[in-house]
1. Taking 0.36 nm per residue of sequence separation and subtracting the Cα-Cα distance, how much length would be gained by fully extending the chain between PHE392 and LYS339, in nm to one decimal?
2. Quick one: 3J(HN,Hα) in Hz for the stretch 226-243, Karplus 6.51/-1.76/1.60 with θ = phi - 60°, rounded, Gly and Pro as x.
3. Enumerate by residue number the GluC sites (Glu not before Pro) in the stretch 313-392 meeting two conditions: DSSP loop (anything except H, G, I, E, B), and at most 15 other Cβ atoms within 10 Å of the site's Cβ.
4. For labels at GLU31 and ALA158 in the simple 7 Å Cα→Cβ model, what's the distance in nm?
5. To the nearest 20 Debye, how big is the dipole of the stretch 248-366 about its Cα centre, given +1 on the beta carbon of each Lys and Arg and -1 on that of each Asp and Glu?
6. Given R₀ = 22 Å, what would the calculated FRET efficiency be for LYS268 paired with ARG302, taking r from the Cβ atoms and rounding to 0.05?
7. Working from Cα positions, state the angle (0 to 90°, nearest 10) between the long axis of helix 41-50 and the longest principal axis of the chain.
8. Toward the positive end of the charge dipole of the chain, about the Cα centre and with charges on Cβ (Lys, Arg +1; Asp, Glu -1), which of ASN75, PRO312, TYR164 goes farthest?
Amino acid sequence: MARYLAMTSRGLVDALHDELIEIGAKNLDKEPGGVFFDGNWSVVMRANLRLRTATRIVKPILSFPAYKNEDLYNNILKFDFTKMIEVDGTLAVEASVRECAFKDQRFVAMKVKDAVVDQFREKLGARPSVDNENPDLVIVVRGYKNHFDVSLDTSGDALFKRGYRVATGEAPIKEHVAAGLLKLAEWDGVTPIVDPMCGSGTILIEAAMMAKKMAPGTLRKSFGFMKWKGYDREVFKKELETVLDVEETATEKLIARLTVEDEEGVEKVQPMFYGYDLDAQVIKAAKANAKEAGVDDIVVFRRHAMETLEAPCEKGVVITNPPYGTRLGNKESLKDVYKDFAFTLKNRFKGWTAFVLSGDPELSSAMKLKATRRAPVYNGNIECRLLKYEMF
Ligand SMILES: C[S@@+](CC[C@H](N)C(=O)[O-])C[C@H]1O[C@@H](n2cnc3c(N)ncnc32)[C@H](O)[C@@H]1O
């Protein structure tokens, strides 16, 4: 059993906390950027495979104050890095510093790297090389007010890189944020969802993966921990088999529930997720992504303007991430988009609940609807609110 930290975006820590309880992590402790937990190798592998709202899982190894080069160098030597990777392996150091005596994070990264390779040389007579593209070991160093936390990245590529995104539009939302919105919306996993400005389809694809109980990590080829010394393939295989079994059973049940007969008695699967966008190119991207994710049987994407959209089914939830000023479009014309969106909701989505990710209060207030809840969440470095509207 060891201590780990699952990291996420601000606003999603509670959702991540709930997910960690679900996978059996123990001794949880929230902090602003994530949740600490205790777990053995099975739990860490499960976390990497199953957590939808995490960006990476790291193993904290050192925590110390440092004001001078020697402090940094000598403290790094307190951890035995030779037990992590082979001497002919590769490493990368990712450093960030804020309000520290060290001003240059590249210098900090270099100092840490020097200490690690000197340790290898001293103990084994040779050293690993640096590879910033595809390293075997990523050492994460965070310095704040001269206090340094050092951890090892168990994930490798960020966990929001699920592996299904073959194409995107102009301002795609990250996959873990899309999953987080569904958690913040307290979506029940069975109610149909419409995204009227779906872009490359991330929110609906994440929802469809949840409905099928697909673990988000199963499409990935590798995780950071796979390159560590002592990586136990059998433990991973067992974890992977478990999540694939769960997915198979849930998918069978879901497809059976969604299968209906048409007028000619032919069975067909009723979609559960509906995505629309003005832009034909992003609809193409969304379709390709859904296919890659293995959810194209329950999600439909169509080119359609939100202004004239009709509800595709009787009852459901609208969840969307409309365009906002900093990245797409111009503010005044965007206000019209929001006004029209409110009109569509009020007139053609009666009885539905709508969730709108707003990155700009001026735009969302143009909707002139009263939000019944406002959950703060960060989309990249844009502070947003997930606004909830009941369309009576
Ligand atoms: C911020 S992006 C959505 C990104 C999406 N969540 C994703 O993951 O790719 C906003 C989308 O709204 C679409 N859009 C803008 N005005 C629209 C309208 N009037 N009707 C339908 N879609 C519209 C844009 O084409 C764009 O794809």
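Every read-out reported here was derived from the displayed coordinates using simple, explicitly stated rules and does not represent laboratory data. Everything numeric here is computed off the predicted structure, so don't read it as measured data. When we count neighbours, we look across all protein chains shown, and the Cβ atoms used for this are built from the backbone with ideal geometry, even at glycine.
1. Here the segment from PHE392 to LYS339 would lengthen by 17.3 nm.
2. Rounded to whole hertz, the list is 5, 9, 7, 4, x, 4, 9, 4, 5, 5, 5, 4, 5, 4, 5, 4, 4, 5.
3. Sparse-neighbourhood loop GluC sites (Glu not before Pro): GLU314.
4. Output for this residue pair reads 2.0 nm.
5. 460
6. 0.85
7. Computed tilt is about 30 degrees.
8. The residue sitting farthest along the positive end of the dipole is ASN75.
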